[in-house]
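The values are calculated or read from the model by the stated rules, or taken from the named source; none is laboratory data. Keep in mind that this is a model prediction, so the values were computed, not measured. Every residue, glycine as well, gets a Cβ built from its backbone with ideal geometry; the counts of neighbours run over all protein chains shown.
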Amino acid sequence: MTQPVFRFAPSPNGPLHLGHAYSAMLNHDMAADAGARFLLRIEDIDTGRSQPEFERAIFHDLAWLGLDWEEPVRRQSEHFDDYRSALDALIDEELAYPAFMSRGEARAFVAEAEQDGAPWPRDPDGAPHAPPLDRERSSSERRQRMADGEPYAWRLDMAAALSRSGGKLDWLESGAGPDGEAGAVPTDPARWGDVVIARKDVPTSYHLSVVIDDALQGITHVVRGRDLFHATSVHRLLQELLGFAPPAYHHHRLLLDETGRKLSKSKGDGGLSALRLAGATPADVRRMVGL
């Protein structure tokens, strides 16, 4: 029987807060209970925001919490060739296309379309679906725009991908979704429209890299926040298209502030280092997060 493999995968773009601590410790606890391996992965495809000092702080904070992990640690920025190979496979299968519309152009298109009174479709995060113009461009126009050096992203052709996937997909959920879903959860990737799977200068996105990393690292159990529950539909579709076996999923509760907002690095929510300097212990952190 294959040994289970869990992972914790933070981004080094800010200090870890209590929400990260909860996810990391829950992963570590569940791995220990299952007699599983526990991996740490640094998700640093956003090379502009990722900083070495934040990565060092991640290691320090997790070690302070009493967590240990296998070496070497996988850093996404060291594996762009893996993502490029998968992206090329999707392009060769005509499942991805270059999208040239800027965010401003897309917003203007959607605003004009909604003037007729019909709401434009939006993804589970509330972002409008990509307009169809880029998907409908001819191959010759795409080649010319790319040759001219226009900026572009690669989008998944959702209709083509769903047709290629060969039927309905689901995933095994041991946690819960926003509506209490558990067990075999049916996917609905069409809710996301033609999602971005790579940029011109970075051959991947979160959706693509997380699927490839989990597959290459042999991850059997993905334990992560409930805010990624709906994104699992996209991940299951990519797994099917790329021939990867799906892991089991456990989407855990989110830690919220006093206003009911999810804790966030970008909002400056307190880091573990500040708690440590204030005299908190790892046992205190466990009590704070409900473990």
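Quick check on my filter: what residues within the range 187-204 are farther than 22 Å from Pro121 by Cβ and crowded, with 20+ Cβ neighbours inside 10 Å?
Step one: list which residues in the range 187-204 are farther than 22 Å from Pro121 by Cβ, which gives 198-204.
Hits for the range 187-204 are Ala198, Pro203, Thr204.
Restricting attention to the range 37-48, which residues are surrounded by fewer than 17 Cβ atoms within 10 Å (Cβ to Cβ) and either free of Cβ contacts under 8 Å to residues at least 12 places away in the same chain or more than 15 Å from the chain's Cα centre (by Cα) (or both)? So that I can check it myself, show each step before the final result.
So in the range 37-48, the residues surrounded by fewer than 17 Cβ atoms within 10 Å (Cβ to Cβ) come out as 46-48.
Residues satisfying the conditions are Thr47, Gly48.
Evaluate the range 48-56: report whether one residue or more is outside the structural domain of Gln217 (by TED's automatic domain parsing) and touching a strand residue (DSSP E or B) at 6+ places or on another chain (Cβ under 9 Å).
Yes, some residue in the range 48-56 is outside the structural domain of Gln217 (by TED's automatic domain parsing) and touching a strand residue (DSSP E or B) at 6+ places or on another chain (Cβ under 9 Å).
With the condition kept exactly as written, say whether any residue in the range 60-82 is surrounded by 15 or more Cβ atoms within 10 Å (Cβ to Cβ), at negative phi and basic (Lys, Arg).
yes
Here is a check on your reading of the model: is Ala57 of a type outside the set (Phe, Trp, Tyr), assigned to a helix (DSSP H, G or I) and farther than 18 Å from Gly243 by Cβ? Break it down into steps so the answer makes sense when it comes.
Values: of a type outside the set (Phe, Trp, Tyr): yes; assigned to a helix (DSSP H, G or I): yes; farther than 18 Å from Gly243 by Cβ: yes.
So Ala57 passes the test.
Given the structure, is Tyr83 among the hydroxyl-bearing types (Ser, Thr, Tyr) and within 25 Å of Phe229 (Cα to Cα)?
Yes; evaluated as a whole, the condition is true for this residue.
Arg56 is checked against (1) farther than 30 Å from Glu150 by Cα; (2) touching a residue at least 24 places away in the same chain (Cβ under 8 Å); (3) among the charged types (D, E, K, R) and fails just one. What number does that condition carry?
Exception for Arg56: condition (2).
Kindly indicate which of Ala9, Ala32, Ala21 is at pLDDT 95 or above and surrounded by fewer than 16 Cβ atoms within 10 Å (Cβ to Cβ).
Within the list Ala9, Ala32, Ala21, the selection yields Ala32.
Quick check on the range 210-233: of everything there that is within 20 Å of Asp46 (Cα to Cα) and out of contact with any strand residue (DSSP E or B) (no Cβ under 9 Å at 6 or more places or on another chain), which residue is surrounded by the fewest Cβ atoms within 10 Å (Cβ to Cβ)?
Ala231
Kindly indicate whether any position in the range 176-195 is within 22 Å of Phe109 (Cβ to Cβ), basic (Lys, Arg) and in contact (Cβ under 8 Å) with a residue 24 or more places away in the chain.
Taking the range 176-195 and keeping what is within 22 Å of Phe109 (Cβ to Cβ), we get 190-195.
Next, from what is left, pick out any that are basic (Lys, Arg): 191.
Keeping just the survivors that are in contact (Cβ under 8 Å) with a residue 24 or more places away in the chain gives 191.
Within the range 176-195, one or more residues are within 22 Å of Phe109 (Cβ to Cβ), basic (Lys, Arg) and in contact (Cβ under 8 Å) with a residue 24 or more places away in the chain.
In this structure, is Asp201 modelled with pLDDT of 95 or more and on the phi < 0 side of the Ramachandran plot? First the steps, then the outcome.
On the way: modelled with pLDDT of 95 or more: no; on the phi < 0 side of the Ramachandran plot: yes.
Taking the combined requirement at face value, the residue does not satisfy it.
Within the range 155-190, which residues are basic (Lys, Arg) and out of contact with any helix residue (DSSP H, G or I) (no Cβ under 7 Å at 6 or more places or on another chain)? Quick ask: steps written out before the conclusion?
Our first condition is that a residue be basic (Lys, Arg); within the range 155-190, this holds for 155, 164, 168.
Scanning the range 155-190 gives Arg155, Lys168.
Specify the residue that is surrounded by the most Cβ atoms within 10 Å (Cβ to Cβ); the eligible residues are those in the range 109-131 that are in contact with a Phe, Trp or Tyr (Cβ under 6 Å, 6 or more places away or on another chain) and either part of a loop (DSSP other than H, G, I, E, B) or of a type in the set (Gly, Ala, Ser) (or both). Can you show your working first?
Kept after step one, since they are in contact with a Phe, Trp or Tyr (Cβ under 6 Å, 6 or more places away or on another chain), are these residues of the range 109-131: 110, 113-114, 123, 128, 131.
Those still in the list that are either part of a loop (DSSP other than H, G, I, E, B) or of a type in the set (Gly, Ala, Ser) (or both) too: 113, 123, 131.
Numbers: Ala113: 13, Asp123: 17, Pro131: 21.
Checking each candidate, the answer is Pro131.
Return a yes/no flag: does the range 65-78 have any residue that is under 18 Å from the mean Cα position of the chain (by Cα) and of a type in the set (S, T, N, Q).
Yes, that holds for at least one residue.
Does His235 fit the bill of being touching a helix residue (DSSP H, G or I) at 6+ places or on another chain (Cβ under 8 Å), part of a strand (DSSP E or B) and not hydrophobic (A, V, I, L, M, F, W, C)?
Numbers: touching a helix residue (DSSP H, G or I) at 6+ places or on another chain (Cβ under 8 Å): yes; part of a strand (DSSP E or B): no; not hydrophobic (A, V, I, L, M, F, W, C): yes.
Criteria not met by His235.
Quick check on the range 86-108: of everything there that is surrounded by 13 or more Cβ atoms within 10 Å (Cβ to Cβ) and farther than 22 Å from Ser139 by Cβ, which residue is farthest from the chain's Cα centre (by Cα)?
The qualifying residue farthest from the chain's Cα centre (by Cα) is Ala108.
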